[in-house]
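Accompanying notes for the structure given below.
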Amino acid sequence: MAFMTGDETAGRLIGVAKRFIPSPGRWIAARFLDITTNSLERIMGRGGPLTPPLRIRLHVGPFLDPELYRLSAEQNVEALRELCDLRRDSRILDIGCGCGRVASALTRYMSSTGSYDGFDVAKEAVEWCQRHISARFPNFRFRCTPVFSQRYSPRGSRGSSEIAFPYEDNRFDLVFAASVFTHIPPDGLANYIAETRRVLRPGGTSLATFCLLTDSSLPFVEAGLSAPPLRHKYGDFWVRDLDDPASFIAYPERFIREIYWNCGLTVVDPIRIGSWAAGSPEPAEVLQPFGFNQDIVIAMKVQ
Ligand SMILES: C[S@@+](CC[C@H](N)C(=O)[O-])C[C@H]1O[C@@H](n2cnc3c(N)ncnc32)[C@H](O)[C@@H]1O
């Protein structure tokens with residue numbers, strides 16, 4: 001049996017519970033779980049008003065430990081400051097904001113003249129952010145977009161290749177997508193990068209993380225040593241699950257560079273290489289410099 005972390009075990013247990021508890025009881029079961037885990041974390045002095053319940057945290061990653069959730073976000077903010085010139089008054093867009101992991105760290109950095117917008121396909125995560133983050137920080141806004149994702153929003157009505165981001169042209173100084181483009185199919189990805197360019201102001205910067213297939217990473221992927229393991233070749237890509245390729249997808253570096261080029265965004269070298277293809281890390285190792293284990297691509301809208 002493949003090695004499973006505590007987070008994966010917790011995530012699977014929640015998935016199994018969802019399948020076996022009949023739908024009228026699910027809401028009550030979810031609330032019960034949230035209250036129980038929140039209370040335990042508060043007693044241990046680990047929870048906080050901007051930290052979502054465990055059930056919602058597991059939606060965005062291996063965050064059994066609320067401290068790891070907070071720390072990883074602090075480090076992501078460091079990346080935005082060092083690599084993308086984030087300022088306290090920047091106008092920021094977070095694509096696939098999840099349950100506001102990075103947003104909650106940004107509330108401690110941004111001034112009231114800066115702004116944060118985030119959107120995601122996962123309704124419950126977005127609603128949590130609206131209730132807990134926007135209610136305290138009105139310059140932090142969250143929206144749900146009705147895009148289909150078999151894993152994250154099976155009821156979504158639109159394809160990721162069809163939507164326009166719900167913001168006007170040239171609006172943002174900085175647009176980032178943390179661990180989101182590994183969940184978007186190829187045609188959707190080209191649209192998301194074109195939309196990134198549209199909403200960035202000239203001179204603005206984007207940061208996105210990917211699992212890039214290169215001469216260095218490919219042997220690890222082929223040996224099943226990536227995190228997560230990608231067991232299937234799918235055209236030029238590698239995926240975790242052939243029945244739902246977008247549940248986790250790795251793209252060749254040259255394919256990604258070509259999309260950026262075609263969309264009119266200039267990749268700023270070097271691409272920072274993550275540890276995702278260097279064996280399965282323990283959760284603590286998720287905390288790389290900058291808090292990402294995926295590869296980091298920075299790009300600029302030159303004009
Ligand atoms: C691994 S989580 C990362 C969440 C967040 N960026 C973070 O770093 O905490 C991936 C997120 O992408 C979102 N997502 C998946 N497909 C999407 C799409 N087509 N558009 C926007 N968000 C999407 C999921 O709902 C999920 O919240």
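The values are calculated or read from the model by the stated rules, or taken from the named source; none is laboratory data. All figures in this text were calculated on a predicted structure; none of them were measured in a lab. Ideal geometry is used to build each Cβ from the backbone, glycine not excepted, and the neighbour counts take in all protein chains shown.
None of Leu50, Leu71, Leu83 is surrounded by fewer than 23 Cβ atoms within 10 Å (Cβ to Cβ), in the same structural domain as Thr209 (by TED's automatic domain parsing), within 14 Å of the ligand (Cβ to nearest atom) and hydrophobic (A, V, I, L, M, F, W, C) except Leu71. Which of the residues spanning region 215-266 are of a type in the set (Phe, Trp, Tyr) and more than 23 Å from Arg197 (Cβ to Cβ)? Hits for region 215-266 are Phe220, Tyr234, Trp238, Phe248. Out of the residues in region 87-119 meeting the condition of being assigned to a strand (DSSP E or B) and near the ligand (Cβ under 7 Å from one of its atoms), tell me which one is farthest from Gly156 (Cα to Cα). The residue in question is Asp94. Where strands (runs of 3 or more DSSP E) fall entirely within region 120-220, those with at least 2 residues that are away from the ligand (no atom under 16 Å from the Cβ) are at 200-210. Only one entry of Arg197, Arg231 meets the criterion of being of a type in the set (Lys, Arg) and modelled with pLDDT under 95, and that entry is Arg231. For region 254-277, indicate whether the set of residues that are modelled with pLDDT under 95 and at positive phi is non-empty. Taking every residue of region 254-277 in turn, none turns out to be modelled with pLDDT under 95 and at positive phi.
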